[in-house]
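The values are calculated or read from the model by the stated rules, or taken from the named source; none is laboratory data. This structure is a prediction, so every number in the text was calculated from the model and none was measured. Cβ placement follows ideal geometry from the backbone for every residue including glycine, while neighbour counts extend to all protein chains displayed.
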Ligand SMILES: [Zn+2]
């Protein structure tokens, strides 16, 4: 239950994604009821999609993403370390961890990590341009 009230009668706290209380919704025009249930169905679908995405995509931390983003711009480990105020060893181990989790190994693992980050939607062209 949320603290919001029904816009129809102003009473009773109503559930997070319910706009009207059940009696008011029952009195609402059919068109509005259809719009409400369609919106609810869309929200349910979107929630399921997000849950699915979270379940199936390899996780990445904010710091890992910062490192990957800088790698994507061609920075060397020393430059990345300087920019993020961490040691070069931290940059290396961060990339090693991500590489292991994402299955990017050996020569070309940096490029694989960057490609994977883009493919999974962790990096986007516009966001990358803004961050740099
Ligand atoms: Zn009401």
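Confirm whether residue 34 is more than 30 Å from residue 115 (Cβ to Cβ) and not assigned by TED's automatic domain parsing to the domain that holds residue 121. Outline the logic, then answer.
Numbers: more than 30 Å from residue 115 (Cβ to Cβ): yes; not assigned by TED's automatic domain parsing to the domain that holds residue 121: yes.
In short, yes.
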Selection over segment 2-17 where residues are near the ligand (Cβ under 10 Å from one of its atoms) and assigned to a loop (DSSP other than H, G, I, E, B) yields a count of 8
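Against the condition modelled with pLDDT of 85 or more, surrounded by fewer than 13 Cβ atoms within 10 Å (Cβ to Cβ) and within 15 Å of the ligand (Cβ to nearest atom), how does residue 39 come out, does it pass? Break it down stepwise before answering.
Working: modelled with pLDDT of 85 or more: yes; surrounded by fewer than 13 Cβ atoms within 10 Å (Cβ to Cβ): yes; within 15 Å of the ligand (Cβ to nearest atom): no.
Here the answer is no, as residue 39 does not meet what is asked.
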